[in-house]
1. Which one of these does Leu115 not meet: (1) touching a residue at least 40 places away in the same chain (Cβ under 8 Å); (2) open to solvent by 40 Å² or more (accessible area, probe 1.4 Å); (3) within 14 Å of the ligand (Cβ to nearest atom); (4) not polar (S, T, N, Q)?
2. Could you figure out which of (1) within 16 Å of Leu230 (Cβ to Cβ); (2) within 15 Å of the ligand (Cβ to nearest atom) isn't true of Lys8?
3. List pairs: first in region 13-36 and within 11 Å of Ile51 (Cα to Cα) and near the ligand (Cβ under 7 Å from one of its atoms), second part of a helix (DSSP H, G or I) and among the hydroxyl-bearing types (Ser, Thr, Tyr), Cβ under 6 Å, 6+ apart or cross-chain?
4. Take region 123-150 and flag every residue that is in contact with a strand residue (DSSP E or B) (Cβ under 8 Å, 6 or more places away or on another chain), open to solvent by 30 Å² or more (accessible area, probe 1.4 Å) and not in a helix (DSSP H, G or I).
5. Filter region 167-204 down to the residues that are within 10 Å of the ligand (Cβ to nearest atom), surrounded by 13 or more Cβ atoms within 10 Å (Cβ to Cβ) and assigned to a helix (DSSP H, G or I) and list them by number.
Amino acid sequence: MDLGLKDKVALVLASSKGLGKAVAIELAREGAKVIICGTDSVALAKTEIEINSIAPAKVVSFLCDLTDEVQRKQLVSKSFSAFGRIDILVTNTGGPPAGGIDQFHLDDWKHLYNLLFLSAVDIIQQVLPSMKENGWGRILTITSITVKQPVDNLMSSNSVRTSLVGLVKSLSNEVASKGITVNNIMPGYTETNRLKHLMEVNPNLSKVMEAIPMKRFGSVEEFAAAAAFLVSERASYITGQSLAVDGGWIKGN
Ligand code: NAD
């Protein structure tokens with residue numbers, strides 16, 4: 001199937017490693033131009049080289065701390081300058097720390113809200129006007145299975161991320177008639193550095209594989225394939241949805 005992504009311009013947030021990187025690579029393979037960003041300059045440069053080897057002259061990278069409002073503005077402005085437009089926005093961030101209610105103080109909550117919610121909303125608001133003008137756009141938020149089924153000891157993810165899913169549904173209705181779709185994708189346990197870290201700090205997580213009907217963790221490529229479809233031309237009648245890529249882990253419908 002031709003996804004219709006050739007020469008679309010995609011801004012993929014937090015994409016020097018892990019899920020974001022895999023999505024950027026998949027989109028580049030499908031012929032899109034991609035803008036990647038992250039806080040780790042070494043990883044970012046490596047990823048840019050990797051994507052450039054797959055799709056020459058179709059990638060630019062910018063260092064950006066997504067919790068910083070000024071850097072977010074600069075990122076969007078440099079992205080528009082790089083390729084002249086943004087057709088696709090994939091929001092993502094580094095993961096929040098593990099812990100229960102006693103581990104987080106008010107300032108921690110403010111930081112987490114900024115990281116997981118405001119970073120996405122701010123950039124969505126910056127790119128929407130041009131998508132409306134073009135009459136075409138794709139917005140995809142990367143959250144987590146925690147928005148459907150809480151994971152023990154991941155209080156911050158279980159709580160703050162649900163606000164973004166509320167925004168996705170509401171925004172999808174607002175912009176549906178403008179050719180813009182807005183969806184959410186919920187990674188389950190997927191093999192990245194983040195998963196390695198969570199396994200180290202939460203020994204119970206080693207039992208998690210037993211609870212996954214497929215009895216294995218997902219690969220970043222499996223996740224990226226689903227994400228690429230959702231932001232493609234072919235997914236033109238899908239909006240306001242949350243798709244779990246979790247090997248069947250979520251127990252509810
Ligand atoms: P990762 O640690 O492998 O990669 C995180 C990326 O985010 C890196 O590119 C890093 O540079 C970037 N980043 C971190 N903080 C940033 C900041 N302040 N500004 C800009 N970039 C920043 O993580 P991952 O596994 O790819 O996870 C991505 C998201 O998906 C996280 O929010 C994570 O909690 C969530 N998630 C992951 C899994 C999983 O199993 N991997 C499951 C559910 C949810």
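The values are calculated or read from the model by the stated rules, or taken from the named source; none is laboratory data. Remember, it's a predicted structure, so these values are computed and weren't measured experimentally. Virtual Cβ from ideal backbone geometry, glycine too; neighbours counted across all protein chains shown. Accessible surface areas use protein heavy atoms only, side chains included; no ligands, DNA or RNA. Shrake-Rupley method; radii C 1.70, N 1.55, O 1.52, S 1.80 Å.
1. (2)
2. (2)
3. Note: pairs meeting the criteria are Ser16/Thr47; Lys21/Thr47.
4. Once the filter is applied, which keeps residues that are in contact with a strand residue (DSSP E or B) (Cβ under 8 Å, 6 or more places away or on another chain), open to solvent by 30 Å² or more (accessible area, probe 1.4 Å) and not in a helix (DSSP H, G or I), region 123-150 yields Trp136, Lys148.
5. Arg194, Leu195, His197, Leu198, Met199
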